[in-house]
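Data block below; observations after.
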Amino acid sequence: MTSTVATAVVSSLLTVFLGSKVTNFRKIAQVPLPFLYADQADAMQDHNKYLFNCYQRVHQNTLEGFSAYLVLLLFCGVWYPIPAAVLGDIWILGRIFYYRGYTTGDPHKRMHGAFGHLGEFGLMALAGKIAYDLIVSTA
């Protein structure tokens, strides 16, 4: 279980890192709060605003699936700590490659991190196996 908890902590640190990058780039691009993104017209005229939108999108996209990922990681980690941690690590690496690709300013390069879905779908499959085993064992 220690490996799963460590993976959960690293995952959380990743979201903090991504958030800090958004905060830093917000200052550079001069996109004031409470605006989530620079509008399209401004982003097309100012490359820093365009890049800010890329940083913000990486962070938002990561947060959109983070709660489900974290629940799956910890649930699976109770029964299968090492496989859960490995799958979680694959998800983390995928998110890092997604971040590195997207923040080049070429959103298509985000696909370099698509392999991270293997970790996510692997956790879903493992959770399904656990659910099945629990149902069968109580029947």
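The condition of being among the aromatic types (Phe, Trp, Tyr) and in contact with an Asp or Glu (Cβ under 8 Å, 6 or more places away or on another chain) holds for only one of Tyr37, Tyr69, Tyr55, Tyr80, that being Tyr69. The number of residues in segment 25-72 that are in contact (Cβ under 8 Å) with a residue 40 or more places away in the chain and polar (S, T, N, Q) comes to 1.
Scanning segment 97-139 for residues that are touching a Gly at 6+ places or on another chain (Cβ under 9 Å) and surrounded by fewer than 16 Cβ atoms within 10 Å (Cβ to Cβ) yields a total of 8.
Report whether or not Met44 is farther than 20 Å from Ala125 by Cα, in a helix (DSSP H, G or I) and within 14 Å of the chain's Cα centre (by Cα). Don't jump to the end; show me each part of the working.
Working: farther than 20 Å from Ala125 by Cα: yes; in a helix (DSSP H, G or I): yes; within 14 Å of the chain's Cα centre (by Cα): no.
So Met44 fails the test.
Remark: Ala43 falls outside the filter, which requires a residue to be surrounded by 18 or more Cβ atoms within 10 Å (Cβ to Cβ), of a type in the set (A, V, I, L, M) and over 16 Å from Val22 (Cα atoms).
Quick one: in segment 47-103, which of the residues that are under 21 Å from Thr23 (Cα atoms) and of a type in the set (Gly, Ala, Ser) is nearest to the chain's Cα centre (by Cα)? By that ranking, first place goes to Gly65. Tell me, yes or no, whether segment 10-17 has at least one residue that is in a loop (DSSP other than H, G, I, E, B), surrounded by 11 or more Cβ atoms within 10 Å (Cβ to Cβ) and not acidic (Asp, Glu). Among the residues of segment 10-17, not one is in a loop (DSSP other than H, G, I, E, B), surrounded by 11 or more Cβ atoms within 10 Å (Cβ to Cβ) and not acidic (Asp, Glu), which makes the answer no.
When Thr2 is tested against (1) without any contact (Cβ under 8 Å) to a residue 12 or more places away in the chain; (2) among the polar types (S, T, N, Q); (3) surrounded by fewer than 12 Cβ atoms within 10 Å (Cβ to Cβ), exactly one condition is not met: (1).
Rule-based calculations on the coordinates, nothing more; no lab input. Keep in mind that what you see is a predicted model, and the values were worked out from it rather than measured. Note that we place each Cβ from the backbone using ideal geometry, even for glycine, and neighbour counts take in every protein chain shown.
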